Structure formats: C-alpha cells, structure tokens
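Some notes on the structure that comes next.
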Amino acid sequence: MANAPDTPPLADVPPERRPAHIAMIMDGNGRWAQRRGLPRVEGHQRGASVVREVTELCSDLGIGQITLYCLSSENWKRPAEEIEFLMLLLKQYIIDERESIMRNNLRVRMLGRREAIPDHVLAELDKTIEMSRSNSGMWLNLAINYGGRGELVDATRALAAKVRQGLLEPEDITEETISGHLYTAGLADPDLLVRTAGEMRVSNFLLWQISYAEIWVTDRCWPEFDEEALHEAIRAYASRDRRFGGLPDLA
Ligand code: IPE
Ligand code: IPE
Ligand code: MG
C-alpha cells in the first residue's frame, strides 16, 4: 500500500497490533541465485544485504525483537566451500553492521552452540555483542549453529547438573525454569514466525518458543524479501485472532 509522503509506514496497523517479536527463517538464497544462473553463494551475499534492510525496517517500526535463522545445526551437511563462504560472510556482516547497530541502538545476542564456529568469527561476534551491550533498542538475535532440539538438550543438561548438585528439586522444574535455561533466557517468545521460499516446515527453529507463534509463509525467496513483504506479514499477523487455547474474543 502506497503511503502519502507524511504518513508513517504501516500507519494502518496500530502499534499494539504489531508483533513485539518476529522470528524469521531466511530461506531460499540458493534458489534465488540458481534461478538467475548464479552460484548459490551470490544468493547468500544478496541475502546479507536484505538482513541489513529488514533489521532497520523492523527497528524503525518499533518492533522489540527479531530473531534471524542464520545457520542451522544441520546446515553443516552442506559442501565445505559453501559453509566456508557463509562463515566469512557472517564475519564481514558482523563487522560491517557495527555502525548501523550502534546508530539504531540495537542489542545483539547469539543463539546457538559456539563450538564448530571458527574462533576468528566468534571473536568479531563477541566484540559486536559487547559493543551493543548497553543499547536499549530492538534485540537482534542471531541464530547461528542453532538447532531447537540441541537447545533443549543443552537446557536439560544444565538442569540435570543443578539437580545433581542439589541446587534444584525435579518437582520444582516448571515451564519457566526450562525457558530460563534456553539460549533465549529472559527474552519473550516470538509472536510471528516468517518463513521465505515457501517451505511449510520449521526446520528445527525455536521449537519450544514458537508454541503459539503465528506463522506466515511467503513464496518469495529471502533475497526478494522487502518492505512490502514485511508489511504484508505484519498486516496478516494483525488480522489474526490469537486464542492461546481459549475462545474467540467476541468483544
Ligand atoms: C537459506 O538459504 C540460507 C541458509 C540456510 C544458510 P538456502 O541456502 O537454504 O537456500 P535454498 O533453500 O537452497 O534455496
Ligand atoms: C533453514 O533453512 C535454516 C536457515 C534458514 C538458516 P534450510 O534450507 O536449512 O531448511 P530445510 O533444509 O529446507 O528444511
Ligand atoms: Mg534452504
């Protein structure tokens, strides 16, 4: 929908109808490239600039958090050259984004297992996280070497260790205790899960946290995801009736 010059974007969706937390499965980089006769890595490169644009758009819309699926724990099955390229791209992105992260007051967090990520990438990531620590704007959560099942395994191990040390009784374990031991501890669950490139699956992303997320899938590949698509997703979300197991709100 075109806006008059002085109308803020998405003015038709009041802030309280917007998702506070959007999780995104950024899929279809390879297909986007292959359809254009380009190598898959060109799609990843283009995808990185879309990350930049979408992050700024979300921050400008007053979204509280975005969680981006950058690399799954299953993506290591890909050819070594592709993984190597993704690592270098990630490192470059993390360095290049510092200026924009600070200008937009973003707080960066990494979700995933640190092992297997090269030290030189982790060092830059840690530097960016540290730099953004006292910012107070939107959370930019980067899921890197992330798997939802692995996250539950890690949380279970941490809880079992506390039980063994006598710090926790098994019957005191609640949903809140488990949430508090996930990589997302302290963060609210996603309201909206966006997936690009048409696949109707969650691919091991935030299995615990998306229990009541609204799902929105587009056929557009991630490199084609733009402001119009983001607004479409948020409008779709705003029109949903979230019941959380209760009855429709007839008010
Ligand atoms: C998403 O695009 C990026 C990552 C998984 C790292 P893909 O690389 O999965 O692209 P398709 O799905 O093969 O098109
Ligand atoms: C999900 O995409 C992971 C990321 C976007 C990082 P995949 O391309 O790995 O998912 P599948 O294999 O199609 O389920
Ligand atoms: Mg894919």
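Bear in mind these aren't lab numbers, they're just calculated from the coordinates by the rules spelled out. Here the structure is a predicted model, which means the values were calculated and not measured. As a convention, Cβ positions derive from the backbone with ideal geometry for all residues, glycine included, and neighbour counts pool all protein chains shown.
Counting other Cβ atoms within 10 Å, keep those with at most 14, restrict to DSSP loop, and tell me which trypsin sites (Lys or Arg not before Pro) in the range 151-251 are left.
On the way: sites: R157, K162, R164, R195, R201, R220, R235, R240, R242, R243; in loops: R201, R220, R240, R242, R243.
Sites meeting the loop and neighbour criteria: R201, R240, R242, R243.
Beyond 21 Å, what percent of the Cα pairs of the range 1-79 remain? Could the numbers behind the result be given before it?
On the way: 1375 of 3081 pairs.
The answer is 45 percent, as a whole percent.
How are the C-alpha pair distances of the range 2-45 spread across 5 Å bins, as whole percents from the shortest bin up?
All Cα pairs, binned at 5 Å, distribute as 5, 18, 13, 10, 9, 13, 18, 13, 1 percent.
How far is it, in nm, from the label point at H120 to the one at N105 when both lie 7 Å from their Cα along the line to the Cβ?
3.6
What list do you get for D12, D154, D119 if you sort them by fewest beta carbons within 10 Å? Please list the in-between numbers first.
Working: D12 12, D154 16, D119 8.
The order, fewest Cβ neighbours first, is D119, D12, D154.
For the range 103-251, what mean projected area does the convex hull of the alpha carbons give, in nm²? Each step should come with its number before you reach the end.
Details: hull surface 50.9 nm².
Average projection, Cα convex hull of the range 103-251: 12.7 nm².
Label-point separation (nm) for R52 and D226, each offset 7 Å from Cα along Cα-to-Cβ?
Modelled inter-label distance: 1.7 nm.
Express in nm, to one decimal, how much length is gained between D172 and A160 on full extension, taking 0.36 nm for each residue of separation and deducting their alpha carbon distance. Don't skip to the answer; put the middle values down first.
Details: separation 12, 0.36 × 12 = 4.32 nm, distance 1.22 nm.
Length gained between D172 and A160: 3.1 nm.
Where in the range 1-98 are there GluC sites (Glu not before Pro) that are in a DSSP coil and have at most 14 other Cβ atoms within 10 angstrom of their Cβ?
E74
Need the C-alpha centroid separation for the range 134-180 versus the range 38-75, integer Å.
25
Choose one answer from H120, H231, H21: the residue with the largest mean-square fluctuation in a GNM of the chain with alpha-carbon springs under 10 Å.
Highest fluctuation of the listed residues: H120.
Quick check: residue separation of L88 and L152 times 0.36 nm, minus the Cα distance between them. What number comes out in nm? Write out the running numbers ahead of the final one.
Numbers: separation 64, 0.36 × 64 = 23.04 nm, distance 2.82 nm.
So the chain would gain 20.2 nm between L88 and L152.
Among the complete DSSP H segments of the chain, which ones combine at least 20 Å of alpha-carbon extent along their axis with a mean Kyte-Doolittle hydropathy of 0.5 or more?
Working: long enough: 40-60 (30 Å, -0.59); 80-96 (24 Å, 0.74); 148-164 (24 Å, -0.16).
Result, helices passing both filters: 80-96.
Output the Cα-based Rg and Dmax of the chain in Å, rounding Rg to one decimal and Dmax to a whole number.
Considering the chain through its Cα atoms, Rg and Dmax are 18.9, 62 Å.
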